[in-house]
Amino acid sequence: MEKIELEIIALSHSITQSHSYAVVLGEKYGAKRRLPIVIGGFEAQAIAIAIENIEPTRPLTHDLMKNMLSIFEVALKQVVINDLKNGVFYSQLICEHNGQTFEIDSRTSDAIALATRFDTPIFTYEPILESAGIQLDEEELQREGEPGEEEPEMATSETTESAATTDMSEKSVDDLKLLLEEAIDQEDYERAAKIRDEINKRSGN
């Protein structure tokens, strides 16, 4: 199965849920889909530090893992988001040592944090993007790339948050699809991911 290369587009955070974040991945070559993945605060910090090239005073957990792999001459060649079950993404670290290739199971957030440190490409497969990806139109892509804009506030309205999370069970699939479009328009990728997961759960994906 052909792999699709992704790149990190953004890190988003929820103001109403301080420990909830989303890393937004996008197709690297010319396509318009985005893949938002909800992650924890620690992993979001680890990814942000690597993206911004910040050197911590002491190595963080993912820095330690990179140092250990490097000392033992294990190369991280690829990160592959290879499965999606019940709204949970699964990933593999494709490593190479002494000419042998090893596949290591990993949480997706940890895999992305390591990929940023090794400058390693991130891949997924078409069925995963088809199931969990969010399609952006030209206007949304242009707005996403405009410089100088403040980071969008995520789920600032209690009414919106309630509609997208606590009351999702009372919404029809058509209503959820409308909420999904609204979240995408607001670039609220974390909320969009939760709504998408609820739609997929009802569809049996």
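The values are calculated or read from the model by the stated rules, or taken from the named source; none is laboratory data. Remember, it's a predicted structure, so these values are computed and weren't measured experimentally. We place every Cβ from the backbone using ideal geometry, glycine too, and count neighbours over all the protein chains shown.
Side notes on the structure shown:
- Of the residues T124, T57, the single one that is farther than 28 Å from K194 by Cβ and not charged (D, E, K, R) is T57.
- Selection of region 41-100 for residues being of a type in the set (G, A, S) and within 30 Å of G133 (Cα to Cα) yields G41, A44, A46, A48, A50, A75, G87, S91.
Residues checked against (1) exposed (fewer than 14 other Cβ atoms within 10 Å of the Cβ); (2) in contact with a strand residue (DSSP E or B) (Cβ under 7 Å, 6 or more places away or on another chain); (3) at pLDDT 85 or above:
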{"position": "F102", "(1), (2), (3)": "yes, yes, yes"}
{"position": "D119", "(1), (2), (3)": "yes, no, yes"}
{"position": "F123", "(1), (2), (3)": "no, yes, yes"}
{"position": "E126", "(1), (2), (3)": "yes, yes, yes"}
{"position": "E130", "(1), (2), (3)": "yes, no, yes"}
{"position": "G133", "(1), (2), (3)": "no, yes, yes"}
{"position": "L136", "(1), (2), (3)": "no, yes, no"}
{"position": "D167", "(1), (2), (3)": "yes, no, no"}
{"position": "E187", "(1), (2), (3)": "no, no, no"}
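- Residues being within 27 Å of I199 (Cβ to Cβ) and not β-branched (V, I, T) - total across region 74-104: 10
- The number of residues in region 189-205 being touching a helix residue (DSSP H, G or I) at 6+ places or on another chain (Cβ under 9 Å) and either modelled with pLDDT under 70 or small (G, A, S) (or both) comes to 6.
- Verdict on D105 being outside any helix (DSSP H, G or I), more than 13 Å from the chain's Cα centre (by Cα) and charged (D, E, K, R): yes
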